[in-house]
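Q: Quick one: the structure is below, and I'll ask about it shortly.
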2 protein chains.
Amino acid sequence: MAITIKDIAKKAGVSISTVSLVLNRKGYVAPKTKEKILSVMNRMDYKPLHSARKLATQKTGNIGYIIWEGHFSEVEMFYSQIFLGMEYAARKSDSYILLTTVKEDFDPKNDLPRFLKYNDVDGVALAGRVPHALIEYLDNQQLPFVLIDYELPGKSYNCIKIDNYNGAFRAVENLVLSDKKYIAFVGGTFFHPSIKERYRGYREALEKYNLVDDGYLKKYSYCENIETSRAIGENGATKLLNRQPEIDAIFCCNDTTAMGVITGIQKIGKRIPQEVAVIGFDDIPPAEYNMPKLSTLRVPKLEIGKQAFMLLNELINYPNMAPQTRMISVDLVIRESSHSEGNEQ
Amino acid sequence: MAITIKDIAKKAGVSISTVSLVLNRKGYVAPKTKEKILSVMNRMDYKPLHSARKLATQKTGNIGYIIWEGHFSEVEMFYSQIFLGMEYAARKSDSYILLTTVKEDFDPKNDLPRFLKYNDVDGVALAGRVPHALIEYLDNQQLPFVLIDYELPGKSYNCIKIDNYNGAFRAVENLVLSDKKYIAFVGGTFFHPSIKERYRGYREALEKYNLVDDGYLKKYSYCENIETSRAIGENGATKLLNRQPEIDAIFCCNDTTAMGVITGIQKIGKRIPQEVAVIGFDDIPPAEYNMPKLSTLRVPKLEIGKQAFMLLNELINYPNMAPQTRMISVDLVIRESSHSEGNEQ
DNA sequence: TTGATTTATCGAAACGTTTTAATATATTTT
DNA sequence: AAAATATATTAAAACGTTTCGATAAATCAA
């Protein structure tokens, strides 16, 4: 049987309570005693038993992380990275992240993640597009939760948002200032609010420089409502460039799409970036290894995970906090796909 | 405060023990009593408290899943899928999967995953290439563990293996039977035993049909010891095809590499599969959406996760079981990249 | 000096289960 | 009909912590 708090107490010649106080950095305990206890703990390699602590404190020490099943495995590694950020943050804290997925046709009656069903988490992070019924359920249950990169119009929930608008604006502005005249947009589904925002940033940057005339947006935008963004990119680039050969830059709704776009351009035989410049969004790992290396907006995914975790912890400790939104800003990373002398900035 | 077993006992007019027996499907309980208790539980929406159960049973109800950090986020979604398979299996059981990563330069003294440090798991699954020091540590701790898609020469640990050899053999045999004469291999690092096995399958299939003459393997193999397999693929295809234009098929060590290979071939301007056929390995999700759709060997990743979980559960319940290896077989999936009439088989 | 306050320690209850051993009743075997 | 066995229920101990309230000693204010 493993070492318990009792053993430590006996060995250190103090009561269990005192050991517990030291363990939890609470109350008054004389420096000498404290030191003694710590040294004994160390020597005996004492590991407090999770379940016993949790039983006494009535907390679980777990945080749930829920994403849509498709997001987990199909297309993006985006949400896995966010998970990793949370996990890194959790390592320093006293909790574990329980990752689970939900299906599109989620029904709270039958499909409730097990950790919700059995109250095994103190709070939940929801990333990306997620069933509204689930959000409502959590709201009703009064369980602390944060939305990551998602929002519900008209509702004020705790969220971690990405500054999609400004990122897109900056990218397109950069293209304009590099003397690009016909800047296209290739994007996926507009179900997702983030994509909408990126499109808005694209549009408003063009407006700022008076580039949009009648029909511009129709002519130079390509959107398709499917989930496999690489294919969207390849289709989009092909169709747009065949129809409007004057296009000299393409801003893409995300990196996966951008990588498809690049393939499309290459197949047509135009040079990147000299003839057509490409900028993506997200900075997923392959972006850097793509050929040419992809210019993009770096979304600090690990940081987002960390912020989500920290916000959640606050919510757990101060349940009456007013809902807050944290905006995470993004950096324009210039690589080979948009500028000949691809120097990072 | 939530409903406890006490409340159920009182309401049902029985003792706590009886309720517990029903909860755990143990001992003798009269059908009537049982039914009564179950109905009360149901009516009151009783949820047994994890920490209390775990304290009493001295188990954690958690299973750790450890992968190398690079594998998690950089290149492959392979290991995430396996995780998902474990998570699905865990849903039906009474445990949670705790996912964490370790770094290449792992040192058991400092970098021990928190759930190992604090004994918060009953068992561990290790996927892919993983620090040997970690494996040794687990072995010493007598903590049940399973290796997934990895092995240590000379050691007999519990593992879930993929039938890499036969898969590769079958793929290459299929190419031979489709009248391909010059079948190349493009692969990544040989650090990983699975890649070695795939190469062996490639070689032996060629030998079976007496295709290998002097220098064949040197001439037609391309391996590079880096981790970004897409780039390996593109480089490999380019170099091989320029040097040996007679190549009419390429078997790749995995799908990511294969997708790079396809890009490389396309840039050279050869037609797939008419001039060069391509087969990958793994069947990662993008394989199906690639253009052309990628022929590959389907590795049942969810199934692997499930098997790992189940084996682990057995090990936990019967600690003295002899180590066993479970071989998971793979299916050849023919899509567009290898045969003109891409019909699945 | 006395009384109030701060510092330090501890005993004991509480957290919600499982499990062991005891007891009681019903059924089967002799 | 007695003995043995199977069925059904329970009280109480145990699991390893945290925390409340009590107590004691040390320090401070008057």
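Every read-out reported here was derived from the displayed coordinates using simple, explicitly stated rules and does not represent laboratory data. None of the values given here were measured: they were computed from a predicted structure. Glycine gets a Cβ as well: all are built from the backbone with ideal geometry, and neighbour counts include every protein chain shown.
Q: With chain A treated as a Gaussian network of Cα nodes joined by springs under 10 Å, which of A:GLY236, A:GLY188, A:GLY154 yields the largest mean-square fluctuation?
A: The residue that fluctuates most here is A:GLY154.
Q: Something else about it: Taking trypsin sites (Lys or Arg not before Pro) as exposed when DSSP calls them loop (any state but H, G, I, E, B) and at most 10 other Cβ atoms lie within 10 Å, what is the longest stretch of chain A free of them, the sites themselves excluded?
A: After excluding every exposed loop site, the longest remaining stretch is A:110-345.
Q: Springs between alpha-carbon atoms under 10 Å, Gaussian network over chain A: tell me which of A:ASN313, A:ASN164, A:ASN110 tops the mean-square fluctuations.
A: A:ASN110
Q: For peptide A:78-84, how many partner chain Cβ atoms fall within 10 Å of a residue's Cβ, on average?
A: Details: counts 0, 1, 7, 2, 0, 4, 6.
Mean inter-chain Cβ contacts per residue within 10 Å come to 3.
Q: Please rank B:CYS159, A:CYS252, fewest neighbouring Cβ atoms within 10 Å first, as an exposure proxy.
A: On the way: B:CYS159 22, A:CYS252 34.
By the 10 Å Cβ count, ascending: B:CYS159, A:CYS252.
Q: Follow-up. Using a 10 Å cut-off around each Cβ, can you sort A:LEU206, A:LEU49 from fewest to most neighbouring Cβ atoms?
A: Going from sparsest to densest Cβ surroundings: A:LEU49, A:LEU206.
Q: Continuing with this model, one more query. So, in nm, how far is label B:LYS196 from label B:GLU288 when the simple model puts each one 7 Å beyond its Cα toward the Cβ?
A: According to this spin-label approximation, the distance is 3.4 nm.
Q: Only Cα pairs under 8 Å and at least 6 apart count here; give the relative contact order of chain B as a rounded whole percent.
A: It comes to 17 percent, rounded to a whole number.
Q: Under a crude label model (7 Å from the Cα following the beta-carbon direction), how far is A:SER93 from B:ILE3 in nanometres?
A: 3.0 nm
Q: May I ask you to list the residues of region A:247-285 whose amide nitrogen lies under 17 Å from a point 7 Å from Cα along the Cα→beta-carbon direction of A:TYR209?
A: A:247-252, A:273-280
Q: Measure nothing but the geometry: give the 0 to 90° angle between the long axis through the Cα atoms of B:31-44 and the longest principal axis through the Cα atoms of chain B, rounded to 10°.
A: It works out to around 80 degrees.
Q: Which pairs in the list A:LYS6/A:LYS34; B:LYS239/B:LYS301; B:LYS10/B:LYS47; B:LYS59/B:LYS161; A:LYS117/B:LYS301 are over 22 Å apart, alpha-carbon to alpha-carbon? Write down the numbers at each step before the final one.
A: Working: A:LYS6/A:LYS34 16 Å; B:LYS239/B:LYS301 32 Å; B:LYS10/B:LYS47 16 Å; B:LYS59/B:LYS161 28 Å; A:LYS117/B:LYS301 27 Å.
Among A:LYS6/A:LYS34; B:LYS239/B:LYS301; B:LYS10/B:LYS47; B:LYS59/B:LYS161; A:LYS117/B:LYS301, the Cα-Cα distance tops 22 Å for B:LYS239/B:LYS301; B:LYS59/B:LYS161; A:LYS117/B:LYS301.
Q: Using only Cα atoms and rounding to the nearest 10 degrees, what angle (0 to 90) does helix A:132-141 make with the longest principal axis of chain A?
A: With both axes taken from Cα atoms, the answer is about 30 degrees.
Q: A further question on this structure: Along the charge dipole of the protein assembly as shown, pointing to its positive end and built from +1/-1 on Cβ of Lys, Arg, Asp and Glu, which listed residue (B:ASN24, A:SER156, A:PRO144) has its Cα farthest out?
A: B:ASN24
Q: Taking the label point 7 Å from Cα in the Cβ direction, how far apart in nm is A:LYS6 from each other copy of itself, listed shortest first?
A: Taking the point 7 Å beyond Cα along Cα→Cβ, the inter-copy spacings are 2.3 nm.
Q: Separate question: How far is B:LYS267 from the same spot in each other copy, in nm, shortest first, if each label point sits 7 Å from Cα toward Cβ?
A: When each copy's label point is compared with this one, the spacings are 1.6 nm.
Q: Given springs between every Cα pair under 10 Å in a Gaussian network model of chain B, which of B:PRO300, B:PRO323, B:PRO113 has the largest fluctuation?
A: Of B:PRO300, B:PRO323, B:PRO113, the Gaussian network model singles out B:PRO323 as fluctuating most.
Q: Give me the angle, in degrees from 0 to 90, between the Cα long axis of helix A:193-208 and the longest principal axis of the Cα atoms of chain A, rounded to the nearest 10.
A: Once rounded, one gets 40 degrees.
Q: Okay, next question. Which order do A:SER80, A:SER156, B:SER221 fall in if you start with the one that has the fewest other Cβ atoms within 10 Å?
A: A:SER156, B:SER221, A:SER80
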